[in-house]
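Have a look at the structure below before the remarks.
The values are calculated or read from the model by the stated rules, or taken from the named source; none is laboratory data. Just so you know, these numbers come straight off a predicted model, no measurement behind them. Please note: Cβ atoms are built from the backbone with ideal geometry, for glycine as well, and neighbour counts cover all protein chains shown. Just the protein is used for accessible areas: all its heavy atoms, side chains included, with ligands, DNA and RNA removed. Shrake-Rupley method; radii C 1.70, N 1.55, O 1.52, S 1.80 Å.
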Amino acid sequence: MPETITSRDAARFPIIASCTLFGLYLFFKIFSQEYINLLLSMYFFILGILALSHTLSPAMNKVIPASLPNKQYQLLFTQGTGESKEEIINYEFDTKDLVCLGFSSVIGVWYLLKKHWIANNLFGLAFALNGVELLHLNNVSTGCILLGGLFIYDVFWVFGTNVMVTVAKSFEAPIKLLFPQDLLEKGLAANNFAMLGLGDIVIPGIFIALLLRFDVSLKRNSRTYFYTSFLAYVFGLGLTIYIMHTFKHAQPALLYLVPACIGFPVIVAVVKGELTDMLRYEEKADIPDKATLDETKGDQKENKKEQ
C-alpha cells in the first residue's frame with residue numbers, strides 16, 4: 001500500500017535524513033570501507049532484484065502473449081493456529097512474475113560481480129520508480145514543506161561540509177545514477193562518472209505525481225500542471241549540470257530543482273487563477289479496511305477457482 005507523507009512527516013524528514021547521512025559518514029570513517037560495501041551490496045542485491053521485478057511486471061504482461069499458460073502461485077506465511085491465526089506474508093504472483101524475477105536476478109548477479117554502471121542504473125531507476133509509486137504527498141503545502149526542508153539539507157551537506165560527497169563516492173550501492181563522462185572515449189568501459197542521487201529524483205518526483213493527481217481532480221483533458229512541473233524538473237536538472245561543469249564542483253541538485261518544480265507550477269496557477277484551488281487540494285487516503293481486504297481476497301480466490 002502507498003505510504004502517505006503528512007506535513008509532520010515532511011518537517012521531520014530533513015532531520016532524519018541528516019542523521020542517517022552523518023551516521024553513514026562516521027561508519028565509513030571508523031570501519032573498513034570494503035566490508036561495509038560488501039554488506040550493503042548483498043542488501044541492495046536482494047532489494048534491487050525485487051524492485052526491478054516489480055517495475056518490469058506491467059511491461060512483461062504486454063510482451064508475453066496471452067496464449068501462453070500463466071499459472072498462479074501464492075506465498076503464504078502465517079503465525080498461530082485456529083482463530084488466532086494471523087497472516088504475516090500473503091504474496092500472490094504468476095508465471096510472468098517469475099520471468100521478471102529471473103531476468104532481474106541475472107541483472108543482480110551482473111551488478112554484484114562487476115558493479116557495472118548500467119546494472120547500477122537499472123537498479124537505481126527501479127528504486128526511483130518504486131519510490132514515486134509508493135510515497136504519496138497528501139497536499140501541495142506538505143510538498144512545499146518537504147522540498148523546502150530538503151533544499152536546506154542538500155545545500156548544507158554539499159556546500160557546508162564534505163559529508164555528502166564523501167558518502168556518495170564511498171557508498172557502492174545503486175542509490176545514485178551514474179552518467180559516464182568518458183562514454184565516447186571508452187564506451188561501456190567508461191569509469192569517469194557524474195552522479196545524481198536517487199533522492200534528487202524521488203523527492204521532486206512525488207511532488208510532480210501529486211500535481212498530476214491534481215490535474216485529474218480538475219476533470220479536464222489537459223495535464224497542465226504535470227507537464228509544467230515535469231519541464232521545470234528538466235530545466236532545473238539541466239541548470240545543475242551546466243553550473244557543475246562551469247565551476248568544476250559538485251552541486252546540490254535540489255538547489256535548482258526545488259525552486260523550479262515549485263515556482264513554475266505556482267506561476268501557472270496564478271496566471272490561470274487556480275492558486276487557491278491548488279493549495280486547497282488534498283488527496284484523501286483511500287486505504288481499505290480489513291473487512292474490505294478480506295472480501296477482496298475472497299473474490300480473488302473465487303476467480304482463480306473459476307479460471
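Determine whether Ile267 is farther than 15 Å from Leu196 by Cβ, at pLDDT 90 or above and either among the aromatic types (Phe, Trp, Tyr) or over 24 Å from the mean Cα position of the chain (by Cα) (or both). Give the derivation first.
On the way: farther than 15 Å from Leu196 by Cβ: yes; at pLDDT 90 or above: yes; either among the aromatic types (Phe, Trp, Tyr) or over 24 Å from the mean Cα position of the chain (by Cα) (or both): yes.
Yes; evaluated as a whole, the condition is true for this residue.
Please enumerate the residues belonging to the range 126-147 that are of a type outside the set (Gly, Ala, Ser), over 12 Å from Ile175 (Cβ atoms) and assigned to a helix (DSSP H, G or I).
From the range 126-147, those of a type outside the set (Gly, Ala, Ser) are 127, 129-130, 132-140, 142, 144-147; that's our starting set.
Still in the running and over 12 Å from Ile175 (Cβ atoms): 129-130, 132-140, 142, 144-147.
Passing the criteria: Leu129, Asn130, Val132, Glu133, Leu134, Val140, Thr142, Cys144, Ile145, Leu146, Leu147.
Conditions tested, residue by residue: (1) closer than 17 Å to Ala173 by Cα; (2) in a helix (DSSP H, G or I).
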residue: Thr4; (1), (2): no, no
residue: Arg12; (1), (2): no, yes
residue: Ile16; (1), (2): no, yes
residue: Thr20; (1), (2): yes, yes
residue: Leu24; (1), (2): yes, yes
residue: Phe28; (1), (2): yes, yes
residue: Glu34; (1), (2): yes, yes
residue: Ser41; (1), (2): yes, yes
residue: Phe45; (1), (2): yes, yes
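Of all residues in the range 10-52, which are acidic (Asp, Glu) and buried (at least 17 other Cβ atoms within 10 Å of the Cβ)? Let's see the steps before the verdict.
Start the filter on the range 10-52 by keeping residues that are acidic (Asp, Glu), which leaves 34.
Result: no residue meets the conditions.
Please state which of the following conditions Phe45 fails to meet, knowing it meets all the rest: (1) of a type in the set (A, V, I, L, M, F, W, C); (2) without any contact (Cβ under 8 Å) to a residue 40 or more places away in the chain; (3) within 19 Å of Gly108 (Cα to Cα).
Against the list (1) of a type in the set (A, V, I, L, M, F, W, C); (2) without any contact (Cβ under 8 Å) to a residue 40 or more places away in the chain; (3) within 19 Å of Gly108 (Cα to Cα), Phe45 comes up short only on (2).
For (1) within 30 Å of Ser141 (Cα to Cα); (2) in contact with a Gly (Cβ under 8 Å, 6 or more places away or on another chain), each residue gets a yes or a no:
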{"position": "Arg8", "(1), (2)": "yes, no"}
{"position": "Ile16", "(1), (2)": "yes, no"}
{"position": "Phe22", "(1), (2)": "yes, no"}
{"position": "Lys29", "(1), (2)": "no, no"}
{"position": "Leu38", "(1), (2)": "no, no"}
{"position": "Met42", "(1), (2)": "no, no"}
{"position": "Ile49", "(1), (2)": "no, yes"}
{"position": "Ala59", "(1), (2)": "no, no"}
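Pick from Leu134, Leu146, Leu122, Leu112: which is within 29 Å of Leu26 (Cα to Cα) and surrounded by fewer than 18 Cβ atoms within 10 Å (Cβ to Cβ)? Walk me through it before giving the result.
Working: Leu134 fails: within 29 Å of Leu26 (Cα to Cα); Leu146 fails: surrounded by fewer than 18 Cβ atoms within 10 Å (Cβ to Cβ); Leu122 fails: surrounded by fewer than 18 Cβ atoms within 10 Å (Cβ to Cβ).
Testing whether each residue is within 29 Å of Leu26 (Cα to Cα) and surrounded by fewer than 18 Cβ atoms within 10 Å (Cβ to Cβ) leaves just Leu112.
Tell me whether the range 272-281 contains one or more residues that are over 20 Å from the mean Cα position of the chain (by Cα), small (Gly, Ala, Ser), loosely packed, with under 13 Cβ neighbours inside 10 Å and at pLDDT below 90. Before the answer, list the steps.
Filtering the range 272-281 down to residues over 20 Å from the mean Cα position of the chain (by Cα) leaves 272-281.
Retained after the next criterion (residues that are small (Gly, Ala, Ser)): 273.
Next, only the ones that are loosely packed, with under 13 Cβ neighbours inside 10 Å stay: 273.
Next cut, at pLDDT below 90 only: none.
No: the range 272-281 contains no residue that is over 20 Å from the mean Cα position of the chain (by Cα), small (Gly, Ala, Ser), loosely packed, with under 13 Cβ neighbours inside 10 Å and at pLDDT below 90.
Write out, first by first residue and then by second, each pair whose Cβ atoms fall under 9 Å of each other, whose residues are 6+ apart or on separate chains, and whose first residue, in the range 124-150, is in contact (Cβ under 8 Å) with a residue 60 or more places away in the chain and over 16 Å from Phe214 (Cα atoms) while the second is of a type in the set (Ser, Thr, Tyr) and open to solvent by 50 Å² or more (accessible area, probe 1.4 Å).
From residues that are in contact (Cβ under 8 Å) with a residue 60 or more places away in the chain and over 16 Å from Phe214 (Cα atoms), the pairs are Ile145/Ser7; Leu146/Ser7.
Keeping to the range 164-183, report how many residues are modelled with pLDDT of 90 or more and open to solvent by less than 10 Å² (accessible area, probe 1.4 Å).
Total meeting the criteria: 0.
What number of residues in the range 137-166 are more than 19 Å from the chain's Cα centre (by Cα) and of a type in the set (D, E, K, R)?
Total satisfying the criteria: 0.
On the basis of being of a type in the set (S, T, N, Q), farther than 22 Å from Leu188 by Cβ and in contact with a strand residue (DSSP E or B) (Cβ under 6 Å, 6 or more places away or on another chain), does Thr55 make the cut?
Working: of a type in the set (S, T, N, Q): yes; farther than 22 Å from Leu188 by Cβ: yes; in contact with a strand residue (DSSP E or B) (Cβ under 6 Å, 6 or more places away or on another chain): no.
When the stated conditions are applied, Thr55 does not pass them.
So, in the range 167-197, of the ones that are more than 25 Å from the chain's Cα centre (by Cα) and hydrophobic (A, V, I, L, M, F, W, C), which residue ends up farthest from Asn121 (Cα to Cα)?
Leu184
Of Leu112, Leu75, which residue is in a helix (DSSP H, G or I), farther than 30 Å from Gly263 by Cβ and aliphatic (A, V, I, L, M)? Before the answer, list the steps.
Numbers: Leu75 fails: in a helix (DSSP H, G or I).
The match here is Leu112.
With respect to the numbered conditions (1) under 23 Å from Val268 (Cβ atoms); (2) open to solvent by 30 Å² or more (accessible area, probe 1.4 Å); (3) without any contact (Cβ under 8 Å) to a residue 24 or more places away in the chain; (4) not hydroxyl-bearing (Ser, Thr, Tyr), which one is the sole condition not fulfilled by Phe235?
(3)
Looking at the range 238-249, which of its residues are surrounded by 17 or more Cβ atoms within 10 Å (Cβ to Cβ) and within 18 Å of Phe193 (Cβ to Cβ)? Show your work before the answer.
Filtering the range 238-249 for residues surrounded by 17 or more Cβ atoms within 10 Å (Cβ to Cβ) gives 239-240.
Within the range 238-249, Thr240 is the sole residue that qualifies.
Suppose we filter Leu178, Leu196, Leu134 for residues that are in contact with a Leu (Cβ under 8 Å, 6 or more places away or on another chain) and not basic (Lys, Arg); which single one remains?
Criteria check complete, one pass: Leu196.
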